[in-house]
Structure formats: structure tokens, C-alpha cells
Amino acid sequence: MALKQITTTMNLITILLLSSAAAFAPFTPLKAAGVSSTSSTLKMVADDAKVILVTGSSRGLGKAIALDLGKAGQKVVINYVSDGSKEAAEGTVEEIKASGGDAIAIQADSSDPAAIKDMFSQVVDAFGTCDVLVNNAGITKDGLVARMKPANWQAVIDVNLSGVFYCTQAFFKVASKKRTGRIINISSVVGQIGNPGQANYAAAKGGVIALTKSNAKEFATRNVTVNCVCPGFIASDMTAALSEEYLEKVSSGIPLKRLGKPEEVAGMTRFLALDPACDYITGHTFNVDGGIAIGV
């Protein structure tokens, strides 16, 4: 494949993939710094609502997942990293409350173990527990291996793989005491089939799949399930800016002949997070990819 073709493929993939039973304790007022709730008290939801933390959920696929869980009447924690995402995170909180769920926003870098530990303390302070973890946060820093800078390799590994480990570790300390919990890791088909110019991303997402299987075996004795969702080419605001002709060319390489919808990934995530049928499902990877990874 010519360098120009590889570069074009890299740019397109980057655009598409970026789009990529315990009682609850009584509510305690929010005191911890970094927790945002736009009303003075948390919204009342059903007693059996689950507390679900979705990392990297102020925008994109993470937001779609958070909104879907909110519409299902759950208590959702919106995690964001930078100050620039605060307004978007708080907006997502309001959307969830308007749809019948409850939510708060917490700023924390998923690649920082200390920040993650503090985030889970804030979640427990606010909601009394944490029932489900959705590891969604991720970044891309694409480039051919021959030209990839060490900093770009490490940054993607730190957020996309190490961040999943740190959040999982912190969540398990909460869930293991209750002997119940669910973890859903958002990986990618790139972690299964690879992609030119995304060696760092593919390695990290492939690592997430392996981590899912290892953790599922390790956590089973505490009744904590761990599963993985691998999105394929998902439509986003960015892809909407591309020409119809160009998107048709991309879709032609997908068996279902179209891009996926964020709500389709969100629906699979909701199923794994909430459905009673998933009490007996752990260590598995579920592709939402239109069939692009068939045979891999």
C-alpha cells in the first residue's frame, strides 16, 4: 500500500473510531472537590437503579452510552478529563436528569492512579456505592511505526490500556465487598484486525480484550462479571462532514454496507450492564461492527 493511501486510511479510521444486587445507602451531600451537580440535591430515581460510572463520557460514544443508561433510569457518573470538557459534562448531566435518570460529573484522568482512587471515593460519597463500570475513555495519536514518537506510543497505552487497569482495580475494591458488580470495557475492532498507522491504538485495544478475559477469570469468585464491546466504524458529527460518495466507499467494505450508530453500541453496553441474562455472561467480546471482523 502506498504511503499516501496509508495516510488517507489512517485519517479516516481516526475520524470514525473517535466518534468510537445491593441496596443503596442514603444520599450524602456532595462535598468532594471535582464533583459537579447542577442542582442542590440529587434527583430521586428508582430504589433499584444502578450506579454506573462511564469514563470519558462528556462527548462522543461515551456520552451516547451515558445518555442511554440515563434514559433507563440509572444513576450515571459522567467522567471527563480536561477543564475544557467541564461544560459538556455538565450538559450531559442535565440531559440525563431530564430523561428520568440521575447524574453527576467528576473530573479525573483515567491514566492517573491517584486521581482514579479519588474519583471512586467521590462516587461512593455521592451515591453510596458503584455497581457498574464502563471503561470507555480513549485517545488516538496515529502514525506509522517507523515515524512514531515514543511519547505518542506511551500516551495511547497510558490512557487506553493502563487507564482501564487502574479504573478496574479501583472498582473491584468496591464491588468485591458487595460480591456483585459488572465491568464493560469498550475496545475496538482495531484491537482484533489491526490497522496501518495505529500500532499504538491496536496494541492498547488488543490488550483491553486480553485484560477482559483475565479479569473475568480472576473476579468470578466475587460474582463480578467482565465483558468487552468492540465497536467498528461508528457514525459521528465528524463523519457527517464527509461527502456521501466517500462514505459510500467506506461502507462498501462493511458486510452490512453502512456505518454503525452510536446508539447501537450504547444498546449493547446497556444490555451487558443491566440485563439479568448477563449474570451468567463473563469474559466475552461482543462486536458491534456491521460484520467487518468476521472470520478474525
Note: among Lys71, Lys75, just one is surrounded by fewer than 23 Cβ atoms within 10 Å (Cβ to Cβ), at pLDDT 95 or above and basic (Lys, Arg), namely Lys71
Does at least one position in the stretch 224-247 carry a residue that is touching a Lys or Arg at 6+ places or on another chain (Cβ under 8 Å), more than 27 Å from Val156 (Cβ to Cβ) and surrounded by fewer than 20 Cβ atoms within 10 Å (Cβ to Cβ)? no
Can you pull out every residue in the stretch 264-296 that is in contact with a helix residue (DSSP H, G or I) (Cβ under 6 Å, 6 or more places away or on another chain) and farther than 14 Å from Ser187 by Cβ? Ala266, Arg270, Cys278, Thr282
Are any residues in the stretch 197-244 farther than 20 Å from Phe286 by Cα and small (Gly, Ala, Ser), and if so, which ones? Gly197, Ala199, Ser236, Ala240, Ala241, Ser243
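Okay, residues lined up against (1) modelled with pLDDT of 95 or more; (2) buried (at least 20 other Cβ atoms within 10 Å of the Cβ); (3) in contact with a Ser or Thr (Cβ under 6 Å, 6 or more places away or on another chain):
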{"residue": "Phe219", "(1), (2), (3)": "yes, yes, no"}
{"residue": "Gly253", "(1), (2), (3)": "no, no, no"}
{"residue": "Leu272", "(1), (2), (3)": "yes, yes, no"}
{"residue": "Pro276", "(1), (2), (3)": "yes, no, no"}
Please find, within the stretch 151-208, the residue that is nearest to Arg222 (Cα to Cα) out of those that are assigned to a helix (DSSP H, G or I) and among the hydroxyl-bearing types (Ser, Thr, Tyr). Ser176
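May I ask you to verify whether Ile254 is touching a Phe, Trp or Tyr at 6+ places or on another chain (Cβ under 8 Å), of a type outside the set (Lys, Arg) and farther than 22 Å from Ala204 by Cβ?
The answer is yes for Ile254.
The values are calculated or read from the model by the stated rules, or taken from the named source; none is laboratory data. Computed from a predicted model, the values in this text were never measured in an experiment. Virtual Cβ from ideal backbone geometry, glycine too; neighbours counted across all protein chains shown.
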